[in-house]
């Protein structure tokens, strides 16, 4: 495991207050096996710090900038603050760190942030699982499958089928924290083995069904959100962006990320973002990039209706 980068990603539905959950996160990280940061970059300005307990780090987070990057030896941490608060931690755990210690850190961070969703997995293997399998599931905006460590807050837990149904999963270990649920499948690095990967797929297949994504309303409502034109579905508050990409061309990564970031924007907030391409070729060429960011990809079929890529 020491050769691999572990990724912890935790999402809180609402942004942090100036003295909100970030302080609890920093306090817990200071008692964790993660190396401490030596630099922090709020709004692109690099400042030196000396670990998670350095008051200068807490002060930098209180600036309220939308993107703060923290780096140290073998460490990168990103904090994104907007309509959501997202903490992402990347590091290579040293050999011999008990898996339970990492799992305890994960659950403590999710509880400190009052998270709606969280996951932890090796970067390469988790990305491969998503691209090869989970991106086709279309379960919810945040969670299309199970990874090594998973956290479902009350909202996401309801969207996934509820506490009772998820706790009945025969391939996973679960633990309830009030109205939130921690789910663990296998051990760290198991997704690098055929048996471990299959356990994750079996655990995901055992999740209860969720309603399929709704197609655009019969009475669409044109809207413009953060400079992007699209169609609002008043039924589920999703936002559909129509795209035409010439043959052989690809959208820049920044454009893809900008469209994905529309989730949670607008009034009322967008529940989920869909992109509708004019051709199946363009839809399939962009399916992985959008899918990795939680955006469902469609194309206009021969009957003029949306079909999943």
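Nothing in this text is a laboratory measurement; each read-out follows from the coordinates by a stated rule. Everything numeric here is computed off the predicted structure, so don't read it as measured data. Cβ placement follows ideal geometry from the backbone for every residue including glycine, while neighbour counts extend to all protein chains displayed.
For the reader, a short list of remarks on this structure follows.
- Residue separation of residue 192 and residue 88 scaled by 0.36 nm, minus their Cα-Cα distance, works out to 35.3 nm of gained length.
- Kirkwood Rh and Cα Rg combined as Rg over Rh, evaluated for the range 6-205: 0.96
- The chain: angle of helix 99-113 to the longest principal axis, Cα-based, in degrees nearest 10: 70
- Value of relative contact order over the range 61-174, rounded to a whole percent, pairs C-alpha under 8 Å and six or more apart: 17
- Cα-based values for the range 221-308, radius of gyration first and Dmax second, are 12.3, 36 Å.
- Kirkwood hydrodynamic radius (C-alpha pairs) into Stokes-Einstein, the range 156-285, 4 °C and 1.567 mPa s, D in µm²/s: 73
- Degrees separating the helix 123-132 axis from the principal Cα axis of the chain, which is the longest one: 20
- Expressed to the nearest 5 percent, the antiparallel share of DSSP beta bridges inside the range 178-309 is 55 percent.
- Ordered by the number of other Cβ atoms lying within 10 Å of each residue's own Cβ, fewest first, 134, 147 fall into the sequence 134, 147.
- Counting only alpha carbon atoms, the long axis of helix 194-205 and the longest principal axis of the chain meet at about 60°.
- Each residue, residue 279 and residue 46, gets one label point 7 Å from its Cα in the Cβ direction; the gap between the two is 4.3 nm.
- Dividing the summed -39500 (n - 2.57) terms of all DSSP H runs of n ≥ 4 by the residue count of the chain sets its mean residue ellipticity at 222 nm at -8000 deg cm²/dmol.
- The order of 270, 123, going from fewest to most other C-beta atoms within 10 Å of their C-beta, is 123, 270.
- Mean sequence separation of contacting Cα pairs (under 8 Å, at least six apart), scaled by the length of the chain, corresponds to a relative contact order of 13 percent.
- Rounded, prolate or oblate (a/c below 1.5 giving rounded, otherwise prolate when a/b exceeds b/c) for the range 97-145 by Cα gyration tensor: oblate
- Taking other Cβ atoms within 10 Å as a rough exposure proxy, 130, 244, 274 sort from fewest to most as 244, 130, 274.
- DSSP bridge pairs, the range 41-87: antiparallel proportion in percent, nearest 5: 100
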